[in-house]
Amino acid sequence: MSKSKTIAALEIGTGKMQVFLGEIIDNKMLNIVGSGQATTTGVKKADICDVVKAATQAQAAIVMAEKSSSTSIESVCLGISGTHIKGFRNTGSANVSSADGLVKKEDLQRAIEDARGKSLPEGRTFIQKICSGYYLDGKYCADPIGKRAEHIDVEYWLLHGDSDKIMDALHVVQSFGLEVEYLVFSGIASGYTVANKQQKEDGVLVVDIGCGTSDFAYFAHGKPVFAGVIPVGGDHITNDLSLGLHLHRKNAERIKIQLGKAIITEDEKSQKFWNQGDKQIGDKKISLEAINQVIRARLEELFTLLREDCEKYIPEECELKEVILTGGTSNLDGICELAEAILEVPCSKGKFCSALQPGVRYQEYSTALGLLEYARMEEEKNSHKKTSWFSNIFNF
């Protein structure tokens, strides 16, 4: 008899609260059975600044999702982002204890505990501790158990954030009687959705350009290696257009969406458009070149910061083969070409699994969809552990 579990993926974004309900069947199959969305209030640059307002809108999105599916939520997988999130690499080490030099599970566990045991300053809390690689006598090894070596190193990428801001995010969910089962960094969640298995094996940087921030995660050898937040997003472009071209913010957002391009041709530079479009008193023409200059300057800042982080944190044995852009701002024309020019690697927009319903294959949904995939993988992993435990008892 099949077992099923319904879990809600909740993304608390600067622009929207997005919820997808996923039914996980036998810890493997995932069906999206409902969705809900609400305009975000009480959130600035992905940081919650008013818990009550944020909780009200999150609850509205969850209620909408439950009504759309006539399903009750059992648990929540919460995506977290914000400018307070930081990360660093920590290496744990252990000597191989056996006389024959074969790495045992106990040796690996000692190195893992050493890598995970780093303490944080007061006021900081770990969000995710990500094992990014094993090394035997200095050489990368995908599976060290049973291999011959004298020394084993384990690398972890430790993501941490402001304790109060993390508690605020948890309280948003707990305020209406639900518990957070999984807490996941949004950039990593997006990577699980828009990058395929081979891309994550070869070395891919996934960049989710949201409203207030851009979350990123670099994958190699099939797993996340490092991740972080760049405090630049689509809202910064809108604000730049508003201030630089003396536009009302609402008009600046509309112009960004309708006319915004990261790269324009020589012929397009001379094109002009009416600001409000009604040609009434007070309306004015704006050149496409002026719009492009504002947009391009902000995007160049974003991709330059990403390049610096890649140069700093990608391990020597890994390589950046490809960049994938997702999130709502990735829909800007020419953004992939600009990213390619700055990062000097092929760049494309996120592609979704064909098994997903066409109605949810949008760049702005990548985080929420990735949260569901993360929950499915964790459920499958936990079921394997239980199966292994029962097998060990039976064998004994």
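The values are calculated or read from the model by the stated rules, or taken from the named source; none is laboratory data. Computed from a predicted model, the values in this text were never measured in an experiment. Using ideal geometry, Cβ is built from the backbone for each residue, glycine included, and neighbour counts are taken over all protein chains shown. Just the protein is used for accessible areas: all its heavy atoms, side chains included, with ligands, DNA and RNA removed. Shrake-Rupley method; radii C 1.70, N 1.55, O 1.52, S 1.80 Å.
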Subset of segment 323-344 that is in a loop (DSSP other than H, G, I, E, B) and under 20 Å from S190 (Cα atoms) - its residue that is nearest to the chain's Cα centre (by Cα): G327
First in segment 11-35 and assigned to a loop (DSSP other than H, G, I, E, B) and buried (at least 21 other Cβ atoms within 10 Å of the Cβ), second anywhere and modelled with pLDDT of 85 or more and aliphatic (A, V, I, L, M), Cβ under 8 Å, 6 or more apart: G13/V43
Residue count, segment 157-189 (criterion: surrounded by fewer than 23 Cβ atoms within 10 Å (Cβ to Cβ), farther than 19 Å from C49 by Cα and among the small types (G, A, S)): 1
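Can you tell me which of I324, I263 is within 30 Å of F226 (Cα to Cα), at pLDDT 95 or above and touching a helix residue (DSSP H, G or I) at 6+ places or on another chain (Cβ under 8 Å)?
Working: I263 fails: at pLDDT 95 or above.
Only one candidate passes the filter, namely I324.
Evaluate the following for D107: is it part of a helix (DSSP H, G or I) and farther than 21 Å from I314 by Cα?
Values: part of a helix (DSSP H, G or I): yes; farther than 21 Å from I314 by Cα: yes.
Answer is yes for this residue.
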Near pairs, Cβ below 6 angstrom, 6+ apart or cross-chain, from segment 203-214 (within 12 Å of T14 (Cβ to Cβ) and of a type in the set (A, V, I, L, M)) to any residue that is surrounded by fewer than 24 Cβ atoms within 10 Å (Cβ to Cβ) and at pLDDT 95 or above: none
Those residues of segment 162-192 which are at pLDDT below 95 and among the polar types (S, T, N, Q), in sequence order: Q174, S175
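Pull up segment 231-259, narrow it to residues that are within 30 Å of W157 (Cβ to Cβ) and crowded, with 21+ Cβ neighbours inside 10 Å, then point me to the one that is farthest from the chain's Cα centre (by Cα). So that I can check it myself, show each step before the final result.
First, pick out the residues of segment 231-259 that are within 30 Å of W157 (Cβ to Cβ): 231-237.
Now drop any that are not crowded, with 21+ Cβ neighbours inside 10 Å, which leaves 232-234, 237.
Values: V232: 14, G233: 14, G234: 16, I237: 20 Å.
The residue in question is I237.
I need a count of the residues in segment 299-322 that are part of a helix (DSSP H, G or I), touching a residue at least 40 places away in the same chain (Cβ under 8 Å) and either among the acidic types (D, E) or open to solvent by less than 50 Å² (accessible area, probe 1.4 Å) (or both).
We begin by selecting, within segment 299-322, every residue part of a helix (DSSP H, G or I); these are 299-313.
Still in the running and touching a residue at least 40 places away in the same chain (Cβ under 8 Å): 299-303, 305-306, 309-310, 313.
Now drop any that are not either among the acidic types (D, E) or open to solvent by less than 50 Å² (accessible area, probe 1.4 Å) (or both), which leaves 299-303, 306, 309-310.
The total comes to 8.
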Hey, G82 surrounded by 17 or more Cβ atoms within 10 Å (Cβ to Cβ) and at positive phi or not: yes
Given (1) part of a helix (DSSP H, G or I); (2) open to solvent by less than 80 Å² (accessible area, probe 1.4 Å); (3) closer than 17 Å to E337 by Cβ; (4) not charged (D, E, K, R), index of the condition Q293 fails: (2)
Check on V225, of a type outside the set (S, T, N, Q), open to solvent by 10 Å² or more (accessible area, probe 1.4 Å) and part of a strand (DSSP E or B): no
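Conditions tested, residue by residue: (1) closer than 26 Å to F185 by Cα; (2) open to solvent by less than 50 Å² (accessible area, probe 1.4 Å); (3) of a type outside the set (G, A, S).
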{"residue": "R89", "(1), (2), (3)": "yes, no, yes"}
{"residue": "S98", "(1), (2), (3)": "no, yes, no"}
{"residue": "L102", "(1), (2), (3)": "no, no, yes"}
{"residue": "K105", "(1), (2), (3)": "no, no, yes"}
{"residue": "R116", "(1), (2), (3)": "yes, no, yes"}
{"residue": "P121", "(1), (2), (3)": "yes, no, yes"}
{"residue": "I127", "(1), (2), (3)": "yes, yes, yes"}
{"residue": "I130", "(1), (2), (3)": "yes, yes, yes"}
{"residue": "G133", "(1), (2), (3)": "yes, yes, no"}
